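The values are calculated or read from the model by the stated rules, or taken from the named source; none is laboratory data. The model shown is predicted, which means the values in this text are computed figures rather than measured ones. Note that we place each Cβ from the backbone using ideal geometry, even for glycine, and neighbour counts take in every protein chain shown.
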Amino acid sequence: MGMFNVVSADASCPQCGDRREVRVQFRHGVLDLHVYRLGEELRWDESSRCAFVRRTTRSWCGGYGPPCEACGYDQEFATYAVVFDGGRVTELLVAPLGQVFPDPVEALPLAENELPSAGPMGR
């Protein structure tokens, strides 16, 4: 994946439903392996082409998590969506079983009440 950041938050496994704290890798903000918790503000390099997002919109990007400790479920695709609002990490969402989130190069904007959309694997 190259350089990334991590969000540490509670999430459920899409296969078995086991809920525990997971560390999900994502690419947004200054990519320096920083570990964020929900509610924390992303760190930015003002020269970043994505820096405007922190001031203007809700946005999201795909995230990659570890295998489930309970059932072993593992994916090479983005099975998580990390949501940002006003430059803060606000939500960690899990794709339904058999679906994944797209992983664009830049974070995608979201309307106020919109959620990221997952789709079938392998598209």
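What the table below lists for this structure:
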quantity: Test: residue in the stretch 57-70 that is modelled with pLDDT of 90 or more and among the β-branched types (V, I, T); calculated: no
quantity: Selected residue [acidic (D, E) and part of a loop (DSSP other than H, G, I, E, B)] from E114, E91; calculated: E114
quantity: Matching residues, the stretch 60-88, being touching a residue at least 60 places away in the same chain (Cβ under 8 Å), assigned to a strand (DSSP E or B) and either in contact with a Gly (Cβ under 8 Å, 6 or more places away or on another chain) or farther than 17 Å from V6 by Cβ (or both); calculated: Y80, V82
quantity: Unique residue being surrounded by 20 or more Cβ atoms within 10 Å (Cβ to Cβ) and modelled with pLDDT under 90 when the list is A107, A95, A51, A81; calculated: A107
quantity: Selected residue (criterion: modelled with the lowest pLDDT) from residues of the stretch 17-48 that are surrounded by 14 or more Cβ atoms within 10 Å (Cβ to Cβ) and more than 16 Å from the chain's Cα centre (by Cα); calculated: S48
